[in-house]
Structure formats: C-alpha cells, structure tokens
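Scroll down for the structure; my scribbles are underneath it.
Derivation of every value follows stated rules applied to the coordinates shown; laboratory data play no part. These numbers come from a predicted model, not from an experiment. A quick note on method: Cβ atoms are made from the backbone with ideal geometry, for glycine too, and the neighbour counts reach across all protein chains shown.
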Amino acid sequence: MTLRIEKLTKQYGDMTALSEISFEISDGTFAVVLGESGAGKSTLLRILNGLTQPTSGGVYLDGDEITNSRSDVGMVFQQHNLVEELSAYSNALTGTLNRTGFFRSLLNRQSVEDRELALEALETVGLLEEAGQKVNSMSGGQQQRVGIARALVQRPNLLLADEPVASLDPSSAETVMEYLEETAETRNLTTLASLHQVNIAREFGEQFIGLKDGDVIFDGPREELTTGVLEEIYGDIETDELREGTERTETNESRRKSNASIGTQP
Ligand SMILES: Nc1ncnc2c1ncn2[C@@H]1O[C@H](COP(=O)(O)OP(=O)(O)OP(=O)(O)O)[C@@H](O)[C@H]1O
C-alpha cells in the first residue's frame, strides 16, 4: 500500500516536533527515516501507528486516512516489548490481539488460522524450530526476530520499526535487518524504519527520509544519500565516522552482490 503523509504537524505545547512534513512511500518500498536525537523520528512513527494524534495534517494508506490505531499497521519496537516468560510462539500469537480481542487471546482461543499464521511468521524469521522456547532464554537478535513475527501476525499492510536494531551487536543487527528486508520483500510490505546506524540504513534502505528539527530536509534514493546530505542531517557528527559507515556499506553491498551472483550461477 502507498503511504502518504500530508502537511503533518505535531506540537507538544510550544515545542514543534514535526512541522508540516509531507512525503510519500510507494507500495512495497523499504524506507528509512534518519535524523539525530530529537529530530522527530519517534513522534512520526507513533503518529503512523495511531499512538499519538497529530496537531494537524493527515496520514493516508492507499487514500484512507489513518486516524486511530489500526490492526493492519504492524510495529517492531526497539525493546521488542515481548512477554519474557512466554514462548516465541505465544508471543507471536499476541499479534492477533487486535483481531481476536483480549479475552479470547487470554483463553488461548485463537483460530486454527491464527495459529498457523504465528508458525508461518516464525518460519519467516527463521525461528520455527525455536517456537516453543521461552523468550527470556533467547539472544537479543532472536528476541527482535520474534518481535517481527508478532508484527507479521497482525497481517500488516504497513510495517513500522522504531530503532529495531539499536540495542544489538553489529552482527546480530545485520541478521535482524536481513530478515526484516526479506520479510518486506517477499510480502511486498511497505516498510518504514527509523535507524541510528547510517551504515545499516544505507545497506538496507531503498528510500531515505532525512528529518532535522521536525522538517524533512531530504527525501530520495540511496544513490542521492551522499556524505554531504548525511552531514546536513546529522549536523556536526564527525565526517570520518560517516565516511567509514559509507565504506563499510559499500563493502557489504559488494558482498551481497557477489553472493547474489553466486546464487545465479548454474
Ligand atoms: N511527550 C512529549 N512531550 C513533550 N515533548 C516531547 C514529547 N515527545 C517528544 N517530545 C519532544 O519532541 C522532539 C522530537 O522527539 P522524538 O522523540 O520524536 O525525536 P527522535 O528523533 O525520535 O529522537 P530519539 O532518536 O532520541 O528518540 C524532541 O525535542 C522531544 O523532546
């Protein structure tokens, strides 16, 4: 589905967190929102998820305005918000809450279809074998993949991810992002993720929205996300750090490309 954001403004008292921002993400695109701390990324995602009401402006999914929390908008949180004592499967099943209601879910009265959906979602994130394992005995990366599975069980038309890999080590972050990318690709799911790590963002994003002080200062594809643009978005962040991120990304891209070409050989 196409996500359109039109003149969206959010004020907290005198503080303007988002100032008449507009942009569009077309069906099936993996978009990334970048910006330094306080730029307005979480506010934007919370409005898209219906958790916060905008002061003015609108959000539209294929032309329908999103006004409240919708069951077809899935969200992956930084701290995954899972029930630690429950299994990966039970946690994935809580994604049906919006559809089945709290009590049915509490009494384990989900439909066979929802149960199958939960297993299918765990398979998508490579955790089918671990379905019965308690979440508190899993690694941070595995827990985040359960969080993705739970969002998928919602049968989302829009997938949001707020700093999904911020608390993970680089290798787990890469794995989680690969699952997220593959999930979005195979289901043609419009996705918007906020990411702190520029190198990861560049590797996985197709479209980039740069926020600064509540304004969109960049909206474009990877090729246009130059070091100059990154410096504009992040202000006085060390240029070397950004360059290093870019180089690392290029290495990863080359690796992914060569893997892809290996895959196409007879
Ligand atoms: N509930 C609130 N009440 C008042 N001000 C808020 C509230 N939530 C956010 N803000 C302010 O709005 C601005 C944008 O915050 P937001 O959390 O959206 O930024 P962010 O880009 O997600 O930052 P971070 O990366 O640190 O999470 C900040 O100046 C923040 O202090």
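Descriptive notes on the structure:
- Spatial offset of region 144-187 relative to region 108-131 amounts to 16 Å, using the alpha carbon center of each.
- Between GLU113 and GLU232, the contour length at 0.36 nm per residue exceeds the Cα-Cα span by 38.0 nm.
- Taking the Cα centre of region 108-157 as reference, the dipole from Cβ charges on Lys and Arg (+1) and Asp and Glu (-1) amounts to some 240 debye.
- For region 17-80: rounded, prolate or oblate by the Cα gyration tensor [a/c cutoff 1.5]: rounded
- Packing around the peptides 116-123, 160-167, taken as the average count of other Cβ atoms within 10 Å per residue, puts them in this order, highest first: 160-167, 116-123.
- Extension gain, ARG222 back to LEU86 (0.36 nm per residue minus Cα-Cα distance, nm): 45.0 nm
- Relative contact order, percent, region 25-74 [alpha-carbon distance under 8 Å, six or more residues apart]: 26 percent
- Distance between region 1-76 and region 216-232 - C-alpha centres, whole angstrom: 20 Å
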